[in-house]
1. Output the qualifying pairs, or none if there are none: Cβ atoms under 6 angstrom, residues six or more apart or on different chains, first residue in segment 69-88 and farther than 19 Å from C14 by Cα, second residue among the aliphatic types (A, V, I, L, M).
2. Can L17 be described as more than 17 Å from the chain's Cα centre (by Cα) and surrounded by fewer than 17 Cβ atoms within 10 Å (Cβ to Cβ)?
3. Which condition number does Y77 fail, the rest of (1) at pLDDT below 90; (2) surrounded by 12 or more Cβ atoms within 10 Å (Cβ to Cβ); (3) among the aromatic types (F, W, Y) being met?
4. For N64, work out the one condition from (1) closer than 20 Å to T153 by Cα; (2) touching a strand residue (DSSP E or B) at 6+ places or on another chain (Cβ under 6 Å) it doesn't fulfil.
5. Grab the strands (runs of 3 or more DSSP E) fully contained in segment 1-70, keeping just those with 2 or more residues being modelled with pLDDT of 90 or more.
6. Which of the residues belonging to segment 27-74 are among the basic types (K, R) and either at positive phi or exposed (fewer than 14 other Cβ atoms within 10 Å of the Cβ) (or both)?
7. I'd like to verify a number: residues in segment 83-110 that are among the hydrophobic types (A, V, I, L, M, F, W, C) and in contact with an Asp or Glu (Cβ under 6 Å, 6 or more places away or on another chain), how many?
Amino acid sequence: MTQPSHPITITGGCNCLALRYSITLPPTTTLPLSDNGVCLCTLCRKFTGAVIPRLLSCHISWSNLPLFHHSAEYKTYTTTVVPGVTGHRGFCSTCGSSLSFHGKAVGEMEWFEIFLGTVDEDVLAGKKVGETEGRFGKRAVREGGWGDVLLDTSMSGHIWVENATQGYDLVGPKRWRMEQGKEYEVGTMEEGREE
C-alpha cells in the first residue's frame, strides 16, 4: 500500500447543482482505498438505476462544505436492509439524482456513503485539456482524475454478491451478506450465488 503524493479532494453533487459536496480524504489515506466498494443489493441497484452501484464511505469530518444532508432539497428513502438494519438512501428532490446512503438518521450519523456516479467529471475522468480527432469524430483529451483510485476495490470489495449478475466479477473481497452483525466472505461471485 502507498500514500498519495498529495491530498485527494473529491467534489460532486446532483444534476441540478442544488446539492454539492467536497470531501478531502485524510492524510493517512493509503492506496488502494479501503473505504470504497460495490453494493449489489436490489435496493441500491434500483435506487441508482445501475447494475453495479459503487460507493465511497466518508466520515462527516472529511467534508469541506456543509453537509448536503441538511439542505431542503435533500430527501431520503428509508428501508429495512435486513431485519434490524435501517438504510437511508438520499436523493435530490428537484432533479432526482441518487446521492448517498447512510445507516443512521442525519442527526446521528458519523459516516455516510456517496454513490460514485455523482462525482464531478473532472475529478472522476480528468480535466479536459484539449480535443483530438478520432475514428468517430472529436473527443476530449484528459489529464488527471481519480477514477482509477476510486473504482479500485481490491482492498475493499463487494457486498450482497448473491445478487450479482451472471458473468460479473471484480477484484477484491466478496461478502455474501451481512446478517445479525456477521459477514460471510466468499472467494468468487459464482461461489456467492451458490446455495
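1. T79/L43; G87/V81
2. Yes; evaluated as a whole, the condition is true for this residue.
3. (1)
4. Of everything listed in (1) closer than 20 Å to T153 by Cα; (2) touching a strand residue (DSSP E or B) at 6+ places or on another chain (Cβ under 6 Å), N64 misses just condition (1).
5. 9-13, 20-24, 54-59
6. Once the filter is applied, which keeps residues that are among the basic types (K, R) and either at positive phi or exposed (fewer than 14 other Cβ atoms within 10 Å of the Cβ) (or both), segment 27-74 yields only K46.
7. Number satisfying all stated conditions: 2.
Conditions (1) among the aliphatic types (A, V, I, L, M); (2) part of a helix (DSSP H, G or I), marked per residue:
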{"site": "V129", "(1), (2)": "yes, no"}
{"site": "K138", "(1), (2)": "no, no"}
{"site": "L150", "(1), (2)": "yes, yes"}
{"site": "S154", "(1), (2)": "no, no"}
{"site": "E162", "(1), (2)": "no, yes"}
{"site": "T165", "(1), (2)": "no, no"}
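The values are calculated or read from the model by the stated rules, or taken from the named source; none is laboratory data. Everything numeric in this text was worked out from a predicted model, so none of it was measured. Reconstructed Cβ throughout: ideal geometry from the backbone, glycine too, with neighbour counts over all protein chains shown.
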